[in-house]
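As structure tokens, the structure follows; a few thoughts come after it.
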């Protein structure tokens, strides 16, 4: 599948075939592909995807997610979290393998960009998580799978359910599997000239 086909065919699926199960090998392949290919700010790889496999936990998540059926029907459910402190804890690790000169430049630039800027730290992990989510959904489409990004849930309750570390945030959920329903038609697309701004507002 070429990129434009994957983009056009990817839709937010609301009902999944609960009898369809991805093999562990296929799950691992999909996750390895997205981890290897999704870009992130300064290569910090802030994302921490929590793969929810326990049926009882999924049911609890569905309860805090407005009873949305994707939570329990999808073959793969990911609560996509991000490590806000990555800039401080992982800067050297993510540039391992680069020349010492490049490592020093990048580690210094990371520190200068993030230190004492908590809003930037949070904004950056959210941006990187969004890129990760879209990359995952397009890769799923390439594998003949359907997906749905989800933010309709109680974020504080989710943090408690998954025992979220203090320096992490919950970004969104992504459900992946085989569709059991037709997606809603594409409607309400705003005109090009109402959306695209040239140079300044």
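The values are calculated or read from the model by the stated rules, or taken from the named source; none is laboratory data. Keep in mind that this is a model prediction, so the values were computed, not measured. FYI the Cβ positions are ideal-geometry reconstructions off the backbone, even for glycines, and counts take in every protein chain you see.
Would you confirm whether or not region 150-163 contains a residue that is under 22 Å from residue 24 (Cβ atoms) and either surrounded by 16 or more Cβ atoms within 10 Å (Cβ to Cβ) or over 10 Å from the mean Cα position of the chain (by Cα) (or both)? Step through it out loud before you land on a result.
First pass over region 150-163, keeping only residues under 22 Å from residue 24 (Cβ atoms): 162.
Still in the running and either surrounded by 16 or more Cβ atoms within 10 Å (Cβ to Cβ) or over 10 Å from the mean Cα position of the chain (by Cα) (or both): 162.
Checking region 150-163: at least one residue is under 22 Å from residue 24 (Cβ atoms) and either surrounded by 16 or more Cβ atoms within 10 Å (Cβ to Cβ) or over 10 Å from the mean Cα position of the chain (by Cα) (or both).
Could you pull out the residue among 28, 8, 21, 59 that is exposed (fewer than 14 other Cβ atoms within 10 Å of the Cβ) and at pLDDT below 95?
Numbers: 28 fails: at pLDDT below 95; 21 fails: at pLDDT below 95; 59 fails: at pLDDT below 95.
Residue meeting the stated conditions: 8.
When we screen 34, 50, 71 for residues that are surrounded by 17 or more Cβ atoms within 10 Å (Cβ to Cβ), part of a strand (DSSP E or B) and within 18 Å of the chain's Cα centre (by Cα), the only hit is 50.
Here is a yes/no grid of residues against (1) in a helix (DSSP H, G or I); (2) at pLDDT 95 or above; (3) within 23 Å of residue 68 (Cβ to Cβ):
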{"site": "108", "(1), (2), (3)": "yes, yes, no"}
{"site": "112", "(1), (2), (3)": "yes, yes, no"}
{"site": "116", "(1), (2), (3)": "no, yes, no"}
{"site": "120", "(1), (2), (3)": "yes, yes, no"}
{"site": "123", "(1), (2), (3)": "yes, yes, no"}
{"site": "126", "(1), (2), (3)": "yes, yes, yes"}
{"site": "130", "(1), (2), (3)": "yes, yes, yes"}
{"site": "133", "(1), (2), (3)": "yes, yes, yes"}
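Number of residues in region 1-21 that are more than 13 Å from residue 147 (Cα to Cα), part of a loop (DSSP other than H, G, I, E, B) and touching a residue at least 12 places away in the same chain (Cβ under 8 Å): the value is 4.
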